[in-house]
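The values are calculated or read from the model by the stated rules, or taken from the named source; none is laboratory data. As the structure is a computational prediction, the values presented were derived from the model and not from experiment. Positions of Cβ are backbone-derived with ideal geometry, glycine not excepted, and every protein chain shown enters the neighbour counts.
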Amino acid sequence: MSPTEWGVHLARPVTVREVELLERSGIQVVTVSLPWAWMERREGNFDFTALHHLLRPLKDSSLRVQGLLGPAMWHALPEWLRGRGGADAPGFVDAYARYCGRLVAELDVLIAVRVEDDLNSAHPWETLRTRRRRGRRWRDRSFRAELLLAASEAVRAQRPELEQRVSLQAGALGWARELGSWLKQGLQVERIGLSFSPCSWFFDPQRGASLAGPLARLASLLAASAQAGGTLPEVARVSYPTHRVSWTPRRQRQFLACAARSAQKGGAVAVHWSTLRDQAYDDPSLGYWTPARERHQGLLYYDGSPKPAMDELRVLATGDRYGEGGSR
C-alpha cells in the first residue's frame, strides 16, 4: 500500500542515530528549511557554512534531501532586509530570487526544492494569526504569484535538472483558484502538493480520510491545465498533534494509517509528514507565536524516542511490521 515516496520535514538538525532510524523506517526524502537569514547576513555577502553543517549528517546517508526555499517569513529574512520592511522593501522579489539561485548552485546535495511554502495561506493566517509573515504585500495575490514565479525561474536558470515542487494549504479557502492563477501565469513544476492538518481542532483520526477529496480535485485541475502536463500531485505535509488528552499518540498512529490510505485513493505519489521531532518550546529567535499543537506533531518525542506513529510509518513504507527485517 506504500505510496511512491515517503518523507518527513526536519525542523531541527538531526543526529546520526536519527538518520539511521529514518533509513530503517523507509523514509526516502527529508525536507530541510534553508533560511535566507543564515547565508546572507550582509547584503551581497553569502556564507553557506551553517547550511553545510546542517546537512552534513545527511550527505553519506541513503536519504534524499529536498530543500525548502525560504520561506520568506519574517524570522527567516536577513536582518538588513527586515530593517527595510521585509517583503515591503523595494527590490524584494529580485533579492529573493537571487538568494534562491545562489542556494541551489551551492548545494549539490539537493535532489529537489520546494519553491516557497503554502503561499496561498500567507494571508490572513500567516500575517494576522501567527505573524510568520509580515508586510502589507502578502495580502496581494499578484505579489505572491510574482514571488513564486521569480524564485522558480531563478532555480531553473541555475540548475535546470533540479526537480521543483510547490505546495498549497488545502485548509485555506480558494486554494484551487489561486493554483489555477499560478498555472495560467506560467508556473511549471514537477509536483504540486497539498498540506493537510484536518485534526487541528478535531481529534477523530478518521478525518484522515478527508485527504482524498482535495487530492482528486488537484489531479483534475492538473489534467485540465495545458501548463501542468506531467505535473504530479502529492501530500506536501500532513500532521496530527499529540498535545492534549484527546489527541493521543495512539490516535496519531491511527490517523497516519487512515491518511495514507486516503492519499493513495486520491492519487498522491508521495506523503510527507509535517515534522520529525516535537519541540519543547518556541525558539525565541522565531519572533512569532507557534500554536501548541504545531509543536507536538512529531513522529518522535522531545527526547528523540519514537511515538507509535513512527512504527506505523515503517509498516506503511516498508511492509516490515516487526522491525529490523521482519515481515508483515
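Laid out as a table, the results:
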{"read-out": "Pick from the range 217-235, criterion touching an Asp or Glu at 6+ places or on another chain (Cβ under 8 Å) and not hydroxyl-bearing (Ser, Thr, Tyr), ranking: nearest to PRO198 (Cα to Cα)", "value": "GLU234"}
{"read-out": "For LEU147: the one exception among (1) outside any loop (DSSP other than H, G, I, E, B); (2) free of Cβ contacts under 8 Å to residues at least 60 places away in the same chain; (3) over 16 Å from the mean Cα position of the chain (by Cα); (4) within 21 Å of SER195 (Cα to Cα)", "value": "(2)"}
{"read-out": "Options TRP175, TRP138, TRP182, TRP201; residue that is without any contact (Cβ under 8 Å) to a residue 24 or more places away in the chain and aromatic (Phe, Trp, Tyr)", "value": "TRP201"}
{"read-out": "Residues of the range 77-100 classified as over 20 Å from ARG156 (Cβ atoms), under 23 Å from the mean Cα position of the chain (by Cα) and surrounded by fewer than 20 Cβ atoms within 10 Å (Cβ to Cβ), total", "value": "1"}
{"read-out": "Criterion (of a type outside the set (Lys, Arg), crowded, with 16+ Cβ neighbours inside 10 Å and either at pLDDT below 95 or assigned to a helix (DSSP H, G or I) (or both)) met by exactly one of ALA280, ALA268, ALA263", "value": "ALA263"}
{"read-out": "Hey, ARG293 modelled with pLDDT under 95, in contact with a Leu (Cβ under 8 Å, 6 or more places away or on another chain) and basic (Lys, Arg) or not", "value": "no"}
{"read-out": "LEU222 vs. criteria under 19 Å from GLU5 (Cβ atoms), without any contact (Cβ under 8 Å) to a residue 60 or more places away in the chain and surrounded by 18 or more Cβ atoms within 10 Å (Cβ to Cβ)", "value": "yes"}
